[in-house]
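Structure record follows, encoded as structure tokens.
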Amino acid sequence: MSERPTSSVLIRLLDAIERLGNRLPDPALLFFVLLLVVWGCSALFAQFAYDLVDPRSGAAIEVNNLLTGAALTEFFSGIVGTFVNFHPLGVVLVAMLGIGVADYTGFIKAGLRALLNATSPKVLTPMLLLIAIISHSAVDAGYVLVIPLGGVIFQAAGRHPLTGIGVAFAGVSGGFSANFLPSALDPMLQGISQAGAQLLDPGITLNPLNNWFFTSASTLLVVLLGWYITEKIVEPRMAHEALDGDLASSEALEALSGAERKALRRSLAAVGAGVVVFAATAYPEGSPWRLDGELAAAGAPLMRSIVPLIFLFFLLPGVVYGYVAGTVKGHRDIIEGMSAAMNGMSYYIVMAFFASLFIAEFGRSNLGALVALQGAAWLQAVAMPAAVTVLGVVLITGTVNLFVGSASAKWALLAPILVPMLMALGISPDLTQAAYRVGDSSTNIITPLMPYFPLVVVFCQRYVTRTGIGTVVAMMLPYAVGFLVVWTAFLLAYWWLGLPLGLQASYGYPG
């Protein structure tokens, strides 16, 4: 590991942020404290009237007082449902059951050893960033699969595992809108943008891939920029972090034995057979995996089955590897692997309980919607030049993203205001949506309110037990600031050069 620079102002600033953040209560308790703060703020701000229209209802925005008897009764009666239906909880636990078996039997370690023996250490960082970005197409797979594997890969290569987690998190979440593969997010955002545009022009239609060329080009930008930030800032700073967690010990990166190679070949053959069977069932036009003939549509059974498929595609090779390599003797060992995985997630379950309650109550209060609408109203009032207005969209979105995590929820609030407003200034909905996507991605990785942020803290604690919210925020802040500044400049340059944003897309209105 490289020596840690001690004279850098940036390093000292990040250290201060880490210390300040880690002085906060345990993340689980912090979410409970934030819940109390939301209750108090909701009671305070509910006393005022606001002249902002909520695009979801068409009525004036209102803050809901959560300290009334009816609201508290609804909260307590719904605690179990709120927790059980917390989206990341089911995603994480189901995926980890299969991943746990693959790890317990040795399949994951053998696969990584084979991969690292064939990969130059010089390209490990960009390779991980690219894999993390591609994982967006599998919805939430990156959070539960790529991020923890980032730590494992870097540790096996003799580098700090927290750096690997940071690299993967930067690609999965910070580069959320950089992908050359279309995903369900594209038609979701396009539909909201089109609805906003039709408030001004009822006949306008947008292509679901109206930002595809820009997001494809952004893939290269995020990989190169993330690579630079990792090598120059993040990794030198993380080198001093002592490993003391249950994954602190690292096995030597040795070549596979004959038995391990045989087991790996057969387990990969099992994966290949599974892929063939899956492809055969998904290929026909009338496949039950499709929705109206589309595999990647937001509501398609395939997209809703990504997490169970992850479970199966790790369970299958994990079992085959275990039996061939002799690391398991029977079905009881397989169950033991699943149990071990759940034991490791116990702290996350506790944290998720409090996080689910806070996020649900914050949404019920309408405080996040108020922040979003106030920001959009301010942008409209200042009436800046076109390029500065687009910059304002990025900054407003990046700020609102600290309070409202869901990309579709934010855009549902902002699009009915921003899209027609910018159309009146001669800016197309396609460009407005691209600006939104830059701001939405860049600050994902520094907000503890993002549903998967607590999971990243848990992944880090398995290597460095003292890891807290401050540790992760300080580690990810260089990526967030770098992405926000450089990616915004890239969008403005892309616009200035007149490069195509996507299919049937334009920069001006009317296009």
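Here is a check on your reading of the model: is residue 63 surrounded by fewer than 16 Cβ atoms within 10 Å (Cβ to Cβ) and out of contact with any strand residue (DSSP E or B) (no Cβ under 8 Å at 6 or more places or on another chain)? Break it down stepwise before answering.
Values: surrounded by fewer than 16 Cβ atoms within 10 Å (Cβ to Cβ): no; out of contact with any strand residue (DSSP E or B) (no Cβ under 8 Å at 6 or more places or on another chain): yes.
Judged against the criteria, residue 63 is not a match.
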Checklist entry - Within the bounds of region 156-178, is there any residue that is on the phi > 0 side of the Ramachandran plot and surrounded by fewer than 20 Cβ atoms within 10 Å (Cβ to Cβ)? => result yes
Item to check | Matching residues, region 388-421, being surrounded by 21 or more Cβ atoms within 10 Å (Cβ to Cβ), within 13 Å of residue 442 (Cβ to Cβ) and either at pLDDT 80 or above or over 16 Å from the mean Cα position of the chain (by Cα) (or both) | outcome: 393, 394, 396, 397, 398, 400, 401
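To keep it simple, each residue is scored yes or no on (1) farther than 30 Å from residue 160 by Cβ; (2) surrounded by fewer than 22 Cβ atoms within 10 Å (Cβ to Cβ); (3) of a type outside the set (Val, Ile, Thr).
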residue	(1), (2), (3)
449	no, yes, yes
464	no, yes, no
467	no, no, no
494	yes, yes, yes
501	yes, no, yes
Item to check | Among (1) surrounded by 21 or more Cβ atoms within 10 Å (Cβ to Cβ); (2) at pLDDT 85 or above, the one test that residue 349 misses | outcome: (1)
Next on the checklist: Considering only region 376-386, I want to know if a residue exists there that is closer than 26 Å to residue 212 by Cα, assigned to a helix (DSSP H, G or I) and modelled with pLDDT under 85.
Outcome noted: yes
Checklist outcome for this item: Those residues of region 11-26 that are assigned to a helix (DSSP H, G or I), surrounded by 14 or more Cβ atoms within 10 Å (Cβ to Cβ) and out of contact with any Gly (no Cβ under 7 Å at 6 or more places or on another chain) come to a total of 3
Checklist outcome for this item: Per the filter on region 208-232, residues surrounded by 21 or more Cβ atoms within 10 Å (Cβ to Cβ) and more than 30 Å from residue 505 (Cβ to Cβ) are 230
Checklist entry - In region 195-207, what residues are assigned to a helix (DSSP H, G or I) and crowded, with 20+ Cβ neighbours inside 10 Å? => result 196, 197
Item to check | Number of the exception - residue 182 against (1) surrounded by fewer than 24 Cβ atoms within 10 Å (Cβ to Cβ); (2) over 19 Å from the mean Cα position of the chain (by Cα); (3) over 26 Å from residue 475 (Cβ atoms); (4) touching a residue at least 12 places away in the same chain (Cβ under 8 Å) | outcome: (2)
Next on the checklist: Among the residues in region 429-439, are any modelled with pLDDT under 90 and either more than 16 Å from residue 166 (Cβ to Cβ) or among the acidic types (Asp, Glu) (or both)?
Outcome noted: no
Checklist entry - For residue 450, are the conditions met, namely being modelled with pLDDT of 80 or more and in a loop (DSSP other than H, G, I, E, B)? => result yes
Item to check | Residues being in contact with a strand residue (DSSP E or B) (Cβ under 9 Å, 6 or more places away or on another chain), without any contact (Cβ under 8 Å) to a residue 40 or more places away in the chain, more than 14 Å from residue 416 (Cα to Cα) and not acidic (Asp, Glu) - total across region 46-59 | outcome: 1
Checklist entry - Which condition number does residue 314 fail, the rest of (1) under 28 Å from residue 339 (Cβ atoms); (2) over 30 Å from the mean Cα position of the chain (by Cα); (3) at pLDDT 80 or above being met? => result (2)
Checklist entry - Is it the case that residue 145 is within 30 Å of residue 258 (Cβ to Cβ) and crowded, with 20+ Cβ neighbours inside 10 Å? => result yes
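Return yes or no: is residue 171 modelled with pLDDT under 85 and either of a type outside the set (Lys, Arg) or in contact with a His (Cβ under 7 Å, 6 or more places away or on another chain) (or both)? So that I can check it myself, show each step before the final result.
Working: modelled with pLDDT under 85: no; either of a type outside the set (Lys, Arg) or in contact with a His (Cβ under 7 Å, 6 or more places away or on another chain) (or both): yes.
It is false that residue 171 is modelled with pLDDT under 85 and either of a type outside the set (Lys, Arg) or in contact with a His (Cβ under 7 Å, 6 or more places away or on another chain) (or both).
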Next on the checklist: Show the residue pairs meeting these rules: Cβ distance below 8 Å; 6+ apart or different chains; first residue within region 161-175 and in contact (Cβ under 8 Å) with a residue 24 or more places away in the chain and closer than 13 Å to residue 475 by Cα; second residue surrounded by fewer than 24 Cβ atoms within 10 Å (Cβ to Cβ) and of a type in the set (D, E, K, R).
Outcome noted: 162/241; 163/235
Checklist entry - Is there a residue being in contact with a Gly (Cβ under 6 Å, 6 or more places away or on another chain) and closer than 25 Å to residue 342 by Cα anywhere in region 119-133? => result yes
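The values are calculated or read from the model by the stated rules, or taken from the named source; none is laboratory data. Since the structure is predicted, the reported quantities are computational estimates derived from the model, not experimental observations. Ideal geometry is used to build each Cβ from the backbone, glycine not excepted, and the neighbour counts take in all protein chains shown.
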